[in-house]
Amino acid sequence: MYGEDIDLSWRIKQAGYENYYFPETTIIHYKGESTKKGSLNYVYTFYNAMIIFARKHFSSGSFRFFSLLIHMAIWIRAGFSAIQRILFRISLPIADAAVIYLGYMLIRPFWEEFKFGQKNYYPPEYMQFVVPAYVFVWLVTVFYSGGYEPPVRLWRIIRGILAGSLFILVVYALLPASLRFSRALILLGTLWTLIALPLERIIMRLAGWKENALSFPKKKRIVVAGSYDEVQRITSLLNETGLPFELAGYVSEKRTDNAKTDYLGTPDQLPEIIRVHAVDEIIFCARDIPSGKVIENMLRLSETRTEFKIAPEEGVSVIGSSSIDSPGAIYTLRYNLIARPSVRRIKRLMDSGIAFLLLLVFPFIAWIIPRPFRLLRNIFRVLAGKNTWVGYFSGIPDSAYQLPPLRPGILSPADLYESGKLSAELADTLNINYARDYRITRDLYIIAKAFRKLGR
């Protein structure tokens with residue numbers, strides 16, 4: 001991916017051997033995170049690999065010239081990539097803002113005629129400043145609700161709009177009478193936004209703009225290829241993910257499995273099984289089916305438009321692709337919940353809010369917190385994004401799980417237990433549960449219980 005194959009081939013040549021292309025083999029290539037070629041990290045890593053290769057194998061004069069060209073390419077390519085990503089990310093919020101504002105251009109004159117019997121009852125400042133403020137609030141609350149996070153879900157958009165409307169109404173109630181315009185326009189704007197934003201995404205779906213289109217989760221019919229024991233394990237894992245699915249049955253070479261009620265046949269019968277049972281996805285168990293057989297079946301079934309995934313032995317995830325040629329997806333336990341961008345944004349917002357609150361009341365709580373100046377340091381570190389108030393327990397030498405990354409925590413779930421009575425196994429379990437079942441209320445509970453430890 002990043003030139004390691006070129007480096008190896010060159011070193012083989014340097015050692016006096018020859019490289020030959022051998023076309024008689026097949027591999028499974030998982031196209032996933034490493035192939036996001038539009039990302040700035042990919043651009044830097046790819047071109048930096050070229051610099052490392054040049055430094056290693058070129059003469060000093062050639063390397064300096066080549067390095068200069070590569071650095072120029074990095075900056076140009078990174079610039080285009082950054083602009084492209086920014087435009088893509090802001091395109092939908094800009095479209096939403098335009099749709100909401102357009103709605104107010106229609107709603108305001110209608111309400112003026114209906115309520116007051118005249119046009120232009122509200123001053124121009126209403127459309128110039130007040131409505132843009134409403135739009136901004138709705139965009140922010142939809143953003144924090146996960147409404148711009150793929151896959152786009154209707155309930156996230158509705159939740160964000162309603163939260164924004166509630167915030168607008170609360171602020172409206174606190175304003176002096178001279179700055180209040182109309183609660184009815186707020187409610188009519190809310191109704192328009194609740195209709196227009198989902199409709200906009202449905203139109204995007206019909207137009208083929210799938211990245212920002214409204215996503216309707218489909219209940220997949222799944223067949224698992226492997227032994228009955230592995231089928232039970234995979235079914236349990238799929239249930240843990242919370243994804244909608246229906247197990248059509250399983251296929252296996254073992255004759256002892258033939259008596260099971262959900263046994264459908266052998267892997268050789270998969271084409272007929274897919275047709276008869278309307279199968280959407282096949283999961284191959286790596287423990288029971290060799291990789292060569294997996295590849296053979298994927299190639300044989302590539303015309304059926306069936307999705308393929310592979311379940312590693314004793315793993316906690318199912319990895320694979322929607323087709324033999326497309327980037328992969330992962331079914332994994334719900335501890336990825338904390339890795340969701342919307343959850344991270346809310347956690348960051350909560351961290352900043354608590355930090356500002358602690359800074360405000362610091363003169364009053366300094367005398368009850370051991371090491372108050374460390375608390376002050378922690379407040380500024382959280383505000384700077386270097387720490388989070390609650391994170392993983394870091395006292396585990398070798399964790400069995402690779403959890404989603406978090407900033408170092410001032411506190412952790414382990415602070416709810418007495419020091420010295422926490423085994424490595426329990427600490428590992430606490431970290432897994434914290435990541436899998438993350439809730440803001442849990443953070444607040446840990447902070448409240450371990451309040452005096454905030455100055456550590």
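No value in this document is a laboratory result; all are computed from the given coordinates. Source: prediction; values computed, not measured. Reconstructed Cβ throughout: ideal geometry from the backbone, glycine too, with neighbour counts over all protein chains shown.
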Using +1 at the C-beta of Lys and Arg and -1 at the C-beta of Asp and Glu, which of Val361, Tyr417, Ala427 has the Cα lying farthest in the positive direction of the dipole of the range 338-453?
Val361
Per-residue Cβ contact counts at 10 Å, fewest first, order Ser178, Ser67 as Ser178, Ser67
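Any of Lys347/Lys449; Lys219/Lys347; Lys218/Lys254; Lys13/Lys293 with alpha carbons more than 24 Å apart? Name them for me.
Values: Lys347/Lys449 18 Å; Lys219/Lys347 31 Å; Lys218/Lys254 31 Å; Lys13/Lys293 34 Å.
Long pairs (Cα-Cα over 24 Å): Lys219/Lys347; Lys218/Lys254; Lys13/Lys293.
How about the range 118-193: which trypsin sites (Lys or Arg not before Pro) there lie in a loop by DSSP and see at most 15 other Cβ atoms within 10 Å?
Details: sites: Lys119, Arg153, Arg156, Arg159, Arg180, Arg183; in loops: Lys119, Arg153, Arg180.
Qualifying residues, ordered by number: Lys119, Arg180.
Which GluC sites (Glu not before Pro) from the range 161-246 combine a DSSP loop assignment with at most 12 other Cβ atoms within 10 Å? Can you show the working numbers first?
Numbers: sites: Glu200, Glu211, Glu230, Glu240, Glu246; in loops: Glu211.
Counting only loop positions with at most 12 other Cβ atoms within 10 Å, the GluC sites (Glu not before Pro) in the range 161-246 are Glu211.
Quick check on the range 338-453: take the gyration tensor over C-alpha atoms, sort the square-rooted eigenvalues as a ≥ b ≥ c, and tell me if it's rounded (a/c under 1.5), prolate or oblate.
Values: a/c = 2.08, a/b = 1.36, b/c = 1.54.
Judged from the Cα gyration tensor, the range 338-453 comes out oblate (a/c at least 1.5, b/c at or above a/b).
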Scoring the range 338-453 by relative contact order with C-alpha pairs under 8 Å, at least six apart, yields a percentage of 29 percent
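So how do Asp96, Asp268, Asp288 line up by other beta-carbon neighbours within 10 Å, fewest first?
Working: Asp96 24, Asp268 12, Asp288 21.
Exposure proxy ranking, most exposed first: Asp268, Asp288, Asp96.
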Please enumerate, by chain and number, the aspartates and glutamates with C-alpha under 16 Å from the C-alpha of Lys56, excluding those fewer than 8 residues away in the same chain.
Glu4, Asp5, Asp7
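Treating only the Cβ atoms of Lys and Arg (+1) and Asp and Glu (-1) as charged, compute the dipole magnitude of the range 147-288 about its Cα centre; round to the nearest 20 debye.
Details: 18 positive and 15 negative charges, 170 e Å.
In debye, rounded to 20, the range 147-288 gives about 820.
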Could you tell me the largest-minus-smallest coordinate of the C-alpha atoms of the range 113-206 on each of the three principal axes, in descending order and whole angstroms?
42, 28, 19
From fewest to most C-beta neighbours within 10 Å, the residues Phe63, Phe110 line up as Phe110, Phe63
